[in-house]
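Trainee: Below are the structure tokens for one structure; questions will follow.
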Amino acid sequence: MKVLVTGAGGLLGRAVAQHWKSGGDQIVGLDHTSLDISDEAEVSATVEREHPEVLVNCAAWTDVDGCELDPARARAVNAVGPEILALACRSVGALLITISTDYVFDGTKEGFYTQRDQPNPQSTYAVSKLAGERRAQVAWARTIVVRTGYVFGAGGTNFLSSMVERAQRGERLRAINDTYGTPTYAPDLAGRLRQLAQLDLPGTYHVVNAGEGATFEDFAHLALGVAGLDLALVEAVSMDTLKRPAPRPRNSRLRCLVSEAVGLAEMPSWKTAVRDFVAAGRASVSGNAS
């Protein structure tokens, strides 16, 4: 397949490009400096020129607190951007896969959120992402929305992705212990996105690694333990003590009601994924040293 990846400079965009390319797909990767997804003329010209069979939208403004302080930018990138991409895909008949977030839910439910649960976004970021889902699906019927969360992987700058490197430098880590999500390893997510593209069944999917979910503290303890690092570097804190501008859901664990029905196997457990992540980091360090 010829695949256009937006947001290709980010954590997930890089994982998608690498995984799909290894599967034999032709990848055109564009980062935010190469393509502004909120610019309708630019998007239209790019999609017309490249004429992809699939467009995977990994572009988003994911700074949750930044979105709270600049709602206009959040709306342009996260809400209008996917709609613009959907219209461009419609013009060339391409499948659109756009990435959304577990934060579309308010976090008050016990247990896992599925597609049966009503979204109730609490932050500007979450509101803009839900709007992006809906606008894209209205604009082009051949749209797959993938909700995910707690994404980690090599090269990421978020807490989950960077904690091992920070701990190796002896830095103390403040890890939230009272919010729950489902950690998702970027390479595993990239693989599932490719499976969804091959199925070409529009709809909304929840894609996360298997398991009962975790707090940031749970994740940190496992990752540092696997890496043989000092668990005393982890300081448990409550979400409220951080006093951040944007609200976050207390519980955003996801489960998919659709995947098994369409023949997709359960994703690997997040604990297995953490071990793979740490092992990959060791291999990378060893390779660089040699």
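Trainee: Consider the stretch 40-62. How many of its residues are surrounded by fewer than 21 Cβ atoms within 10 Å (Cβ to Cβ) and either among the small types (Gly, Ala, Ser) or without any contact (Cβ under 8 Å) to a residue 40 or more places away in the chain (or both)?
Mentor: 5
Trainee: In the stretch 141-171, what residues are farther than 25 Å from residue 205 by Cα and among the polar types (S, T, N, Q)?
Mentor: Listed by number, the residues that qualify are 157, 162, 168.
Trainee: Taking residue 74 as the residue in question, decide whether it is assigned to a helix (DSSP H, G or I), closer than 22 Å to residue 196 by Cα and among the hydrophobic types (A, V, I, L, M, F, W, C).
Mentor: no
Trainee: So which residues in the stretch 96-110 are modelled with pLDDT of 95 or more and out of contact with any Gly (no Cβ under 9 Å at 6 or more places or on another chain), if there are any at all?
Mentor: Hits for the stretch 96-110 are 96, 97, 104, 105, 106, 107, 108, 109.
Trainee: Let me ask something else. Do we have residue 56 as under 19 Å from the mean Cα position of the chain (by Cα) and closer than 15 Å to residue 126 by Cα here?
Mentor: Criteria not met by residue 56.
Trainee: Tally time: how many residues in the stretch 89-130 are part of a helix (DSSP H, G or I) and either open to solvent by 30 Å² or more (accessible area, probe 1.4 Å) or among the charged types (D, E, K, R) (or both)?
Mentor: Residues that pass the stated criteria total 7.
Trainee: Does the stretch 131-156 hold any residues that are touching a strand residue (DSSP E or B) at 6+ places or on another chain (Cβ under 9 Å) and either at pLDDT below 95 or part of a loop (DSSP other than H, G, I, E, B) (or both), and which are they?
Mentor: The answer is 140, 142, 149, 150, 153.
Trainee: Determine, yes or no, whether residue 60 is of a type in the set (A, V, I, L, M, F, W, C), under 29 Å from residue 27 (Cβ atoms) and at pLDDT 95 or above.
Mentor: Yes, satisfied.
Trainee: Please specify each residue of the stretch 131-152 satisfying the condition of being among the hydrophobic types (A, V, I, L, M, F, W, C) and either open to solvent by less than 20 Å² (accessible area, probe 1.4 Å) or within 18 Å of residue 52 (Cα to Cα) (or both).
Mentor: 136, 139, 140, 141, 144, 145, 146, 152
Trainee: Right, next: If we keep just the residues of the stretch 5-29 that are assigned to a strand (DSSP E or B) and within 17 Å of the chain's Cα centre (by Cα), which is farthest from residue 151 (Cα to Cα)?
Mentor: 29
The values are calculated or read from the model by the stated rules, or taken from the named source; none is laboratory data. Small disclaimer: the values here were computed from a predicted structure and weren't measured. FYI the Cβ positions are ideal-geometry reconstructions off the backbone, even for glycines, and counts take in every protein chain you see. To get the accessible areas, we keep the full protein, side chains included, count just its heavy atoms, and leave off ligands, DNA and RNA. Shrake-Rupley method; radii C 1.70, N 1.55, O 1.52, S 1.80 Å.
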